[in-house]
Amino acid sequence: MLLDLLLPRRCVVCSLPGTTLCPRCTSSLPRLSGVLCTRCGAPVAWPVERCRECSGRRIAFASARAGVEYDAAVRRLVSAWKEHGLRGIAPLAASVVAEVVPPPSAQLITFVPPDGDRSLKRGHHPPEHLAQELGRRWGLPVAPLLGRTRPLAPQRGLPRDERRRNVRGAFRATAARGRIVLVDDVYTTGATVSAAASALRAAGATSVEVVTFARAVRR
């Protein structure tokens with residue numbers, strides 16, 4: 001391609017020329033494949049139903065799983081994916097998730113809906129593209145069941161309690177039935193996916209399993 005000759009691609013993590021994510025950086029992505037909290041998917045020392053991160057919280061999803069830890073390298077990758085329109089990252093992200101997360105026992109995949117202004121500026125919506133790629137790998141249909149009830153302040157930088165207040169009642173769902181997989185790009189505190197799962201449950205979903213590409217891990 002002429003564009004590749006004029007503007008050769010570089011790895012968004014290490015900047016080596018060649019591909020959007022070089023093989024070395026792909027293989028070194030920190031997979032979340034150890035012992036995890038049954039409910040929220042946080043790494044734990046031994047199997048538990050609820051860990052210190054999710055114990056005592058009201059969360060609307062049945063489980064949450066992610067492909068990789070949200071470390072500095074993954075943060076650069078996600079930033080390039082979200083802010084620079086690199087749609088080719090979606091298949092790569094889905095392959096990593098499918099490598100780590102077992103196929104869910106669900107009837108349908110949906111995704112956290114876009115925020116109008118920011119998504120219009122980006123021209124694409126990573127959670128939707130990730131959901132579509134996972135649907136192809138898992139043989140599940142994908143449908144946009146969720147919408148937003150109001151504009152949201154950005155979650156980035158907000159404390160955990162403020163994040164929950166910011167997204168409370170921010171989603172609506174239609175025609176949700178059975179077991180549903182809810183896809184987002186990053187799980188930080190779980191506030192967004194819990195609010196979205198709550199809307200799906202209110203619309204008739206019997207259970208919601210959250211799947212994200214990355215997850216913040218608290219040490």
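Nothing in this text is a laboratory measurement; each read-out follows from the coordinates by a stated rule. The structure displayed is predicted, hence computed values, not measured ones. Please note: Cβ atoms are built from the backbone with ideal geometry, for glycine as well, and neighbour counts cover all protein chains shown.
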Q.
Please list, ordered by chain and number, the residues whose modelled amide H lies under 5 Å from the amide H of Leu146; skip anything fewer than 5 residues away on the same chain.
A. Phe111
Q) Going through segment 53-116, which trypsin sites (Lys or Arg not before Pro) have at most 16 other Cβ atoms within 10 Å and a DSSP loop state? A) Arg57, Arg58, Arg87
**Q.** GluC sites (Glu not before Pro) restricted to segment 37-132 and DSSP loop, no more than 12 other C-beta within 10 Å
**A.** Glu49
Q: Name the residues whose placed amide hydrogens come within less than 5 Å of the amide hydrogen of Ala66, ignoring near sequence neighbours (fewer than 5 apart) on the same chain.
A: Thr212
Q. Can you run phi through the Karplus equation (6.51, -1.76, 1.60; θ = phi - 60°) for segment 94-103 and list ³J(HN,Hα) in whole Hz, with x for Gly and Pro?
A. 5, 5, 5, 4, 5, 5, 9, 9, x, x
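Could you tell me what percent of the DSSP beta bridges with both partners in segment 35-215 are antiparallel, to the nearest 5? Kindly include the intermediate steps, with their values, before the conclusion.
On the way: 4 of 24 bridges.
If we restrict to bridges inside segment 35-215, about 15 percent are antiparallel.
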Q: Step through the residues of segment 27-38 one at a time and calculate ³J(HN,Hα) from phi using the Karplus curve (6.51 cos²θ - 1.76 cosθ + 1.60, θ = phi - 60°), rounding each to whole Hz and writing x for Gly and Pro.
A: 5, 8, 4, x, 4, 9, 10, x, 6, 10, 4, 4
Q. Amide H to amide H, which residues 5 or more places from Leu36 or on other chains are under 5 Å from it, using H placed in the peptide plane?
A. Val44
Q. Residue by residue, what Karplus-based ³J(HN,Hα) values in Hz, rounded to whole numbers, does segment 52-67 have, using 6.51, -1.76 and 1.60 with θ = phi - 60° and x for Gly and Pro?
A. 5, 6, 10, 5, x, 9, 8, 10, 8, 8, 7, 7, 9, 9, 9, x
Q: Could you list Ile89, Ile59 in order of exposure, starting from the residue whose Cβ has the fewest other Cβ atoms within 10 Å?
A: Ile59, Ile89
